[in-house]
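Here's the structure we're looking at; comments come further down.
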Number of protein chains: 2
Amino acid sequence: MGRTSDAKERLMAAISELIWIGSYGSTTIDQICDKAGVKKGSFYYFFGSKSELAVAAIEAEFCARRAELDAIFSPMVPPLERIIRLCDSGCARQVELKEKFGQVLGCPLFTLGSEICTQDNGLREKIQEVLDCHQRYIASAVREAHAAGLIEAPDAAAKARMLTAYFEGVLTQARILNSLEVLKEIPEGVLSILGAKRQSLVPS
Amino acid sequence: MGRTSDAKERLMAAISELIWIGSYGSTTIDQICDKAGVKKGSFYYFFGSKSELAVAAIEAEFCARRAELDAIFSPMVPPLERIIRLCDSGCARQVELKEKFGQVLGCPLFTLGSEICTQDNGLREKIQEVLDCHQRYIASAVREAHAAGLIEAPDAAAKARMLTAYFEGVLTQARILNSLEVLKEIPEGVLSILGAKRQSLVPS
DNA sequence: CCGGTAGTTTACTAAATAGTCAACTATCGG
DNA sequence: CCGATAGTTGACTATTTAGTAAACTACCGG
């Protein structure tokens, strides 16, 4: 059925990287097209605007992300370890990215969300959706840990909000400082927020 | 000594508000000039660029902020209460701003820092300086509280980092969600991070 | 192998934006 | 009240940017 293309995918990859390395406001459609090796005409063939492309890119990444989350939050893994694994994988990702781009980049959703939330409600809602989903995974692990008597957390959703506020806060600090140093305190910080009793975690 | 003017101050006020309401990348020099009631020629008479103006604006606000901090962190106030007061004043500010602008705006430095840190090192450094200063105030209170046996926090700087990561994280969540709701959990969250023993705080 | 469809390209317009400059004006000190 | 100084103005240029349109091309199904 006509000509085939992966230009759409290349555009999504390009905007993700550009936003992450720089910012949403400072990346132009021309830049996105250059990086994707796509002409502007094609850009507008697929997407109506930068905002629309960004939403599509987040959606696409979220699909892949879901598989990762399901692996990390496998019921086979003890609940508190799931949360620790989530943090570890997040930190490991920061290390890779620093390697690749020479910069600590933090959480793209949090950074982007805080940049554009007052200006682009469509994007804001999509970001909120993805962030919410992460919190729900965390809340479920918290609930389970509480039920198992590993921690005291009657309000699992509130605990999940607190954990993500802290975690995203540290990632953003790391981005601003351009330093991986602060990330090292995360496991300790997360456990202390969880109020984990010593040895409620299987030693890894 | 020639003609007098407060255009400089008006420009600084204008960029602050525009960045806060929107973002750094999306505010143009023309917009800043309009809001300040200043012609572009005058803008360039005072400042070499948007970045330079932003640095000046942060610097100026920081001067005023120092007085507030000194009041909040008065040695007359018990150390843990200083931290609680800092949080309360921060939250109260969010309520005012929501009133005024119809939006929750979060912390301008954190939002701006995470937006521009990879692109403008001068701005980044200035933001880092101000954020660091806040952390030092907090660390001093933590140190004192630890010395007084109110909390267990041998590494005051680390505790201060953790508190700010959490606090800024919640403020950013509030901005993204455009909701004051999440802020209500802050006092509780901060106290739990501090590991405050019950009644180590004088009841207000 | 051909026709329609999906995707590409180039060249274009209009608007927004950064930045410059020389002429102008108000104000302070003397 | 005058002259130097500090600040203002508007009109300008050059670029960058978003967005459009019409001709072109590759590919799949029949």
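Yes or no, residue by residue, for (1) surrounded by fewer than 23 Cβ atoms within 10 Å (Cβ to Cβ); (2) within 14 Å of chain B (Cβ to nearest Cβ):
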site	(1), (2)
A:Glu96	yes, no
A:Gln103	yes, yes
A:Phe110	no, yes
A:Gly113	no, yes
A:Leu123	yes, yes
A:Gln128	yes, yes
A:Asp132	yes, yes
A:Arg136	yes, no
A:Ala141	no, no
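Here's a check for you: in region A:1-29, which residue that is in contact (Cβ under 8 Å) with a residue 60 or more places away in the chain and either of a type in the set (Ser, Thr, Tyr) or not in a helix (DSSP H, G or I) (or both) is nearest to DNA strand C (Cβ to nearest atom)?
If we take residues in region A:1-29 being in contact (Cβ under 8 Å) with a residue 60 or more places away in the chain and either of a type in the set (Ser, Thr, Tyr) or not in a helix (DSSP H, G or I) (or both), then A:Gly25 is nearest to DNA strand C (Cβ to nearest atom).
Results for (1) more than 16 Å from DNA strand C (Cβ to nearest atom); (2) outside any helix (DSSP H, G or I); (3) open to solvent by 40 Å² or more (accessible area, probe 1.4 Å), shown as yes or no for each residue.
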position: B:Ala57; (1), (2), (3): no, no, no
position: B:Glu61; (1), (2), (3): yes, no, yes
position: B:Arg65; (1), (2), (3): yes, no, yes
position: B:Glu68; (1), (2), (3): yes, no, yes
position: B:Ser74; (1), (2), (3): yes, yes, no
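Which number in (1) within 13 Å of DNA strand D (Cβ to nearest atom); (2) touching an Asp or Glu at 6+ places or on another chain (Cβ under 7 Å); (3) among the small types (Gly, Ala, Ser) marks the one condition that A:Gly41 misses?
(2)
The conditions are (1) touching a residue at least 24 places away in the same chain (Cβ under 8 Å); (2) more than 14 Å from chain B (Cβ to nearest Cβ); (3) hydrophobic (A, V, I, L, M, F, W, C); (4) within 16 Å of DNA strand D (Cβ to nearest atom), and A:Ile32 fails exactly one of them. Which is it?
So A:Ile32 meets the others, but not (1).
Suppose we keep only residues that are within 7 Å of chain A (Cβ to nearest Cβ) and over 19 Å from A:Leu191 (Cβ atoms) within region B:150-177. Which one would you say is most open to solvent (accessible area, probe 1.4 Å)?
B:Leu177
With within 19 Å of B:Gly195 (Cβ to Cβ), at pLDDT below 95 and within 10 Å of chain B (Cβ to nearest Cβ) as the only criterion, which of A:Gly195, A:Gly189 stands out?
A:Gly195
Filter region A:1-53 for residues that are aromatic (Phe, Trp, Tyr) and open to solvent by less than 80 Å² (accessible area, probe 1.4 Å) and give the result.
Passing the criteria: A:Trp20, A:Tyr24, A:Phe43, A:Phe46, A:Phe47.
Checking the structure you have, find out if any residue of region A:154-165 is of a type outside the set (Phe, Trp, Tyr) and over 22 Å from B:Ala174 (Cα atoms).
Within region A:154-165, one or more residues are of a type outside the set (Phe, Trp, Tyr) and over 22 Å from B:Ala174 (Cα atoms).
Those residues that are among the aliphatic types (A, V, I, L, M) and within 14 Å of chain B (Cβ to nearest Cβ), I need them from region A:1-28; list them, please.
Listed by number, the residues that qualify are A:Leu18, A:Ile19, A:Ile21.
If B:Cys87 satisfies every condition in (1) more than 14 Å from every other protein chain (Cβ to nearest Cβ); (2) assigned to a helix (DSSP H, G or I) but one, which is the exception?
B:Cys87 satisfies every listed condition except (1).
The values are calculated or read from the model by the stated rules, or taken from the named source; none is laboratory data. Bear in mind the structure is a predicted one, so any value in this text is a computation, not a measurement. Glycine gets a Cβ as well: all are built from the backbone with ideal geometry, and neighbour counts include every protein chain shown. Ligands, DNA and RNA are stripped out before the accessible areas are found, and what is left, the full protein with its side chains, is counted by its heavy atoms. Shrake-Rupley method; radii C 1.70, N 1.55, O 1.52, S 1.80 Å.
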